[in-house]
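Remarks on the structure that follows.
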Amino acid sequence: MTTLLFGTAVQFGHGFRRTLPAELAKARVKKPLFVTDKGVRAAGVFAKAVEAVANAAGLPVFDDVPPNPTEAAAAAGAALYRAAGCDGVVGIGGGAALDLAKAIAILASNAPPLWNYCNRHAAPQTIVNAPPLILMPTTSGTGSEVGRSAVIIFDNGIKAGVRCPEIITAAICDPELTLGLPASITATTGMDALSHCIETFCSPVVNPPADAIALDGMQRIFANLERAFATGSDAEARWNMMMGSLEGALCFQKGMGAVHALSHPLGALGHHHGTLNAILLPHVLAYNVEALGRKADQIRRQADLPAGADVAEAVGALVSRLGIPTRLSELGLSWQQLENIPGAAMEDNAHKTNPRPMKQADYETLLQSAF
């Protein structure tokens, strides 16, 4: 039995963005640095998220957030934090903004380079005295608001995590912040969340509470993703998608699998994490199904599939219905660019908890089938 961790305090519900001033006051934060991205600001979602903060217009904002957050962006955000005299961080946006907010909070009080705190480092340093950190998701995908790590592309080119569950002071999950999310982003972020629920559930690590949470999240996403995709203003579907996303991330303690072992190094090439997971998930499920036993039947039930249905085929059909690319080649990747990916996947921490043992040749075969 592993250590069971479900410790992040979460305010969850329609309109709960208005609890932000109270959370700031509780954490004794008077001058937060807001971390968001330019798209969230342009869409008016950032303004909606901070509408209850009386002096929001006069507070510093770092919005130079790359699609895949980088060590350099974290250093730049931490420099602004210090220069502006901030005393806390509020991340508002998708997974990239929230993970970058974590990294900025780390570097605000811990010496660079960020790589020294990475879980791939031979001897990661301890993170100390990080400032208060409040996270507000505007997508239903990564679950970074309760996730145990900040996933970053480091200066050395490796995409990996900095394990930092204890630095999150609170999360505020308001599904109303996702009502205007474009259909394409709803689709790819939703498949990201689904991959989290499925991969953590399939992990062989023994953690029954996490399995129950992953199954609940899986059912919510299977039942509501196409609803949210078709009708972005469907408040009930958006509530369930945000809950499913949060639940998938609560289960990260079980570890992931081959989907993420591949999508991390592929993401370091600049491609969207949720899109990569959507493309890879059917192929990994097909490879893993013989090792899943009764778990395959449980996934079928959560997806409302008949007994004996091909789970991998059903997930692939869902990806197609959502209009997401189904092949890596559709992203503009060449086969030559994939040459080093299998070796990198073997080094990724997600590789360790795939339910079926993987060799480098198996990753090569998976890439061939997904290309």
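The values are calculated or read from the model by the stated rules, or taken from the named source; none is laboratory data. Remember, it's a predicted structure, so these values are computed and weren't measured experimentally. Here Cβ is always computed from backbone atoms with ideal geometry, including for glycine, and neighbour counts include all displayed protein chains.
So the values come out like this:
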read-out: Residue list for the range 62-78, filter: crowded, with 18+ Cβ neighbours inside 10 Å and outside any loop (DSSP other than H, G, I, E, B); value: Phe62, Thr70, Glu71, Ala73, Ala74, Gly77, Ala78
read-out: The one condition in (1) at pLDDT below 95; (2) in the same structural domain as Trp115 (by TED's automatic domain parsing); (3) more than 27 Å from Phe46 (Cα to Cα) that Asp155 fails to fulfil; value: (1)
read-out: Positions within the range 170-189 being outside any helix (DSSP H, G or I) and either aliphatic (A, V, I, L, M) or within 16 Å of the chain's Cα centre (by Cα) (or both), in sequence order; value: Ala170, Ala171, Ile172, Cys173, Leu179, Leu181
read-out: Top-ranked residue of the range 21-41 - restricted to ones that are assigned to a helix (DSSP H, G or I) and within 22 Å of the chain's Cα centre (by Cα), ranked as surrounded by the most Cβ atoms within 10 Å (Cβ to Cβ); value: Val40
read-out: Residue within the range 95-110 that is part of a loop (DSSP other than H, G, I, E, B), touching a residue at least 12 places away in the same chain (Cβ under 8 Å) and in contact with a Lys or Arg (Cβ under 6 Å, 6 or more places away or on another chain) present; value: no
read-out: Test: residue in the range 180-194 that is in the same structural domain as Arg356 (by TED's automatic domain parsing), out of contact with any Gly (no Cβ under 8 Å at 6 or more places or on another chain) and of a type in the set (S, T, N, Q); value: no
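Residue-by-condition table, conditions (1) surrounded by 13 or more Cβ atoms within 10 Å (Cβ to Cβ); (2) out of contact with any Phe, Trp or Tyr (no Cβ under 8 Å at 6 or more places or on another chain):
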{"site": "Ala314", "(1), (2)": "yes, yes"}
{"site": "Thr326", "(1), (2)": "yes, yes"}
{"site": "Glu330", "(1), (2)": "no, yes"}
{"site": "Ile341", "(1), (2)": "yes, no"}
{"site": "Met346", "(1), (2)": "yes, no"}
